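Written below as structure tokens is the structure these notes are about.
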Amino acid sequence: MTRLSVNLNKVALIRNSRGENLPNLVQVAKDCEQFGAQGITLHPRPDERHARYSDIPQIKEITQTEFNIEGNPNPRFLKLVMDNPPHQCTLVPDAPGVLTSSEGWDTIKHKDFLTDVIAQLKSKNIRVSIFLDADERFVDGAKEVGADRIELYTGDYARNFVKDPEQAVAAHASVAQLASNIGLGVNAGHDLNLLNLKYYQTHVPNLLEVSIGHALISDALYYGLENTIQMYLAQLRNDR
Ligand code: PXP
């Protein structure tokens, strides 16, 4: 079964645009769970333009499914995560001002850094996932630095899916299999939507979790949040 974790950054972005507390992120997180989401993801970036660091303790307190915090493990982020241990922390190598995450770790180049950070997180019993391109070169390195899971960056898949789905998914399927073979769990995220999700889930083996924000929150404008979450769950309820 592939779990759906709803990324609430876009909801926080709307809230921040008026400086007050509408929409209320805590209530939205509760509602997402009530509507069937199997996890909640927040990705506080250094400029806090969407999720803020101060959102973390509040969301942690109310989350009843799985709380996943994503981000670049700078000292401030690490302290936040260590002080508010989530079920899962996903490490993402994005630069401070980047529009959105668009590449995974080079697990060879950053081996020592990742090993150190992951050991810290695991001392708090946090499951650690690291964001990875669908590139076989970095899979062994993910295991070596101590990650429990990888999150495959699916932006390239989403872009190529519209032209050639089979070609778009090929590298993801083989990297996921490789990761599973050495005991790494596999998550995925970025630009997944109602058109490309089912194909991804049926072709990528052992996919444990997808985290979806932008498209899901955009779809909710048309279908409502409850219907939208149900529609995404239906894509994942797929008998092979
Ligand atoms: N995974 C990571 C590491 C991300 O940075 C993001 C975007 O914040 C997502 C998943 C979700 O991507 P999207 O908003 O395109 O669904």
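For the residues H50, H110, H172, a GNM of the chain with alpha-carbon springs under 10 Å puts the largest fluctuation on H110.
What relative contact order, as a whole-number percentage, does segment 146-188 give when Cα pairs under 8 Å and 6 or more residues apart are counted? About 57 percent, as a whole number.
Our estimate of slack between R137 and K124, defined as 0.36 nm per intervening residue step minus the Cα-Cα distance, is 1.8 nm. This ranking places L99, L208, L225 by how few other beta-carbon atoms lie within 10 Å of each, fewest first, which gives L99, L208, L225. Estimated from helices alone, the mean residue ellipticity of the chain at 222 nm is -13000 deg cm²/dmol (sum of -39500 (n - 2.57) over DSSP H runs with n ≥ 4, per residue).
Can you return the lysines within cross-link range of K30? Criterion is Cα-Cα under 30 Å, with same-chain partners fewer than 8 residues away left out. Counting by Cα, and skipping residues close in sequence, K30 has these lysines nearby: K10, K60, K79, K122, K124, K198. Of all aspartates and glutamates in the structure, those lying under 18 Å Cα to Cα from K163, and not within fewer than 8 positions of it along the same chain, are D191.
Here the contact order of segment 89-155, divided by its residue count and restricted to Cα pairs under 8 Å and six or more residues apart, works out to 38 percent.
When you count the other C-beta atoms within 10 angstrom of each residue and take the mean per peptide, 4-15, 58-69, 210-221 line up highest first as 4-15, 210-221, 58-69.
Computed from the coordinates by the stated procedures, all read-outs in this text should not be read as laboratory data. Predicted model, so just to flag it, every value in this text is computed and none were measured. Quick reminder, even Gly has a Cβ in these numbers, built from the backbone with ideal geometry, and neighbours come from all protein chains shown.
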